[in-house]
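S.K.: If you scroll down you'll find the structure; I have some questions about it.
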Amino acid sequence: MLLVGKRGEKLTEVSGDDTKRLILAFGREGGSTFARRNAKLVVETTQNAGHWFFCTCNQDRDTLLVPYEYAYVHRRINSSNSHHHDCPFAIDPLRQLAVVRSMRPHPPEKAFNILSAFASDRGAQEEDRTARTNTVRRSKLARVLVALAESSGLQKQTSVATSISEQFNLVAKQAEKYKLAGDVPLKPMLCKYPPKLTEFLRDFDENARRFTWPKGSREHGILLLKALCVENGSLVFSNQVRVPVAGPIAIFGRDDAPRRKDRPYLAIGLIAKQSQSSPPEVIRAYVHPCYSHDNLMLVDSNYERETFKYLSTIQAEYSGRLDFEIEKPLSDVGKRFEQAEDAIPERDNQEIEARGAPPILIPDFILRFGKGDQHAGDFFVETMGFRSSIYRAVKRRVVPEMAQALGGLEWVEHDFHFPRDKTPQQRHENFRTDVRSKLADLMRKRSIR
């Protein structure tokens, strides 16, 4: 909700129509010339009165939107009064585009180029320190992990189970497909067994000298592991083996999401020297929660773990009659704009001015039933894990766009909080019933008994 007035005086609520105009003009998915022209009178009237807009997305404080030049608003943000990360005013359209681009699939033919030369590494360090919500770009280190996980098939579960070691080895094997920097291959600069990290660090300089590193970069490597937990600045591999991380450890997840300390992480660390004279070490890390100790599929929250548990049970129930794959996407499925590496500021500004910025479109789960004509039965599942109105407003707007990006797929929602008059178990049963209904319809169409 937006309020308008002067600080310290009684504020009045901005009308619903004017709020929509401001969101379309200055919200994270707005910015078109038409929308800003349509909101100009609202901004002009407010500025002439000497008033500011106050956003109430964070209940304990008001975040300012200050009119200027009688046509725009400026986000007055600091560490004590930032917007809620689901708020449409949390970031501006250009920042939104950068976030969306960072979540697109990484092109296999392009190097990751994670680490800059010593004098220009501050920006990358900040990126990894804060890469945890939908208002910041996915870090380059996180993009490596996502690329390995998605290309390995880890994010797609069939009814055939594989061991934890097979899952991890498939992820590590994907290093053969990618380049770390320039023409430097990822595989020889990858350590995938923490007990051998000391040996890897000892031979780091010798291994790095085998390759020609691109100008503006510096030698670096990657550590990949299943971590039991993160503790005291270290990645815990086992009771005997801990990997100290010299810099920040970014843990994926919303601040308002419940977490399970007994669930593991798939972790990736960046190995490099902090200065030209220092020894190589793990200088920062990114960790993403897994479903369980037996299943390394990356999930975003405990809510998604619950959804996946029910989907897995139904998958086993229908095995042999109607086999399907459960996919947990990690990358944006939108079609607008190019890959992250192809950003052209002038073209981006022109596109935003014409159509606004794109939303983040990452489905929670997709149920896939085969290729060709068999593909027609696919549908996706959205986990409705939070009850806040601002979160649900985002879902109401984004899910239909997601369906369109997926070729018109239908969807099922797993709601943890509504209907209010139902118990949690009844809501879970509603979800299972909805999924089984979709499967029953598909079986009828295919004449399966």
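Read-outs throughout are calculated quantities, based only on the coordinates presented, and are distinct from any laboratory measurement. Since the model is a prediction, treat every value here as computed from it, not as a measurement. In this analysis, Cβ positions are derived from the backbone assuming ideal geometry, glycine residues included, and neighbour counts consider all displayed protein chains.
S.K.: May I ask you to derive the FRET efficiency for A49 and I344 from their Cβ-Cβ distance with R0 = 51 Å, giving the value to the nearest 0.05?
M.R.: 0.80
S.K.: If I take R0 = 41 Å and measure r between the Cβ atoms of A376 and K422 in this structure, what FRET efficiency does the formula 1/(1 + (r/R0)^6) give, to the nearest 0.05?
M.R.: After rounding, the FRET efficiency stands at 0.80.
S.K.: With Kirkwood's inverse mean 1/r over C-alpha pairs for Rh, give me the Rg to Rh ratio of the range 2-90, two decimals please.
M.R.: In the range 2-90, Rg relative to Rh is 0.93.
S.K.: For a test of the definition: using alpha carbon positions, the gyration tensor, and the 1.5 limit on a/c, classify the range 307-419 as rounded, prolate or oblate.
M.R.: oblate
S.K.: Taking the simple approach of a point 7 Å from Cα along Cα-to-Cβ for both T158 and N58, what is their distance in nm?
M.R.: Each label point is offset 7 Å from its Cα along the Cβ direction, giving 4.8 nm.
S.K.: Given +1 on the Cβ of Lys and Arg, -1 on the Cβ of Asp and Glu, and no further charges, what dipole in debye does the range 102-289 carry about its Cα centre, rounded to the nearest 20?
M.R.: My answer is approximately 320 debye.
S.K.: How long is the gain from S277 to D434 if the chain were fully straight, where each residue apart is worth 0.36 nm and the alpha carbon distance is subtracted?
M.R.: 50.4 nm
S.K.: Let me ask something additional. Considering only C-alpha atoms, what is the centroid distance from the range 11-50 to the range 173-190, in Å?
M.R.: Here the two parts' Cα centres lie 48 Å apart.
S.K.: If the chain between H293 and N207 were fully stretched, how many nm would it gain, using 0.36 nm times the residue separation less the Cα-Cα distance?
M.R.: Working it through step by step, the gained length comes to 27.7 nm.
S.K.: Go through the chain and flag any cysteine with no other cysteine's C-beta closer than 4.7 Å, please.
M.R.: Lone cysteines by the Cβ rule: C55, C191, C229, C290.
S.K.: Something else about it: Expressed in nm to one decimal, what extension gain is obtained for the pair R397 and S319 from 0.36 nm per residue of sequence separation less their Cα-Cα distance?
M.R.: 24.6 nm
S.K.: For the chain, what is the convex hull (Cα atoms) projected area averaged across all directions, in square nanometres?
M.R.: 25.0
S.K.: While we're here: Choose one answer from P185, P424, P105: the residue with the largest mean-square fluctuation in a GNM of the chain with alpha-carbon springs under 10 Å.
M.R.: In the Gaussian network model the winner is P424.
S.K.: Among rounded, prolate and oblate, which fits the range 102-289 when a ≥ b ≥ c are the square roots of the eigenvalues of its C-alpha gyration tensor, a/c under 1.5 means rounded, and a/b larger than b/c means prolate?
M.R.: rounded
S.K.: How high is the FRET efficiency between Y310 and R444 when r is their beta carbon distance and R₀ equals 22 Å, given to the nearest 0.05?
M.R.: FRET efficiency, Y310 to R444: 0.50.
S.K.: Among F418, F26, F379, which one moves the most in a GNM of the chain with springs linking Cα atoms closer than 10 Å?
M.R.: F418
S.K.: Note down the nm distance, to one decimal, between modelled labels 7 Å out along Cα→Cβ at D183 and at R7.
M.R.: Here the answer is 5.8 nm between the modelled labels.
S.K.: How big is the charge dipole of the chain about its Cα centre, in debye rounded to the nearest 20, if each Lys and Arg gets +1 on its Cβ and each Asp and Glu gets -1 on its Cβ?
M.R.: Here the size comes out at about 240 debye.
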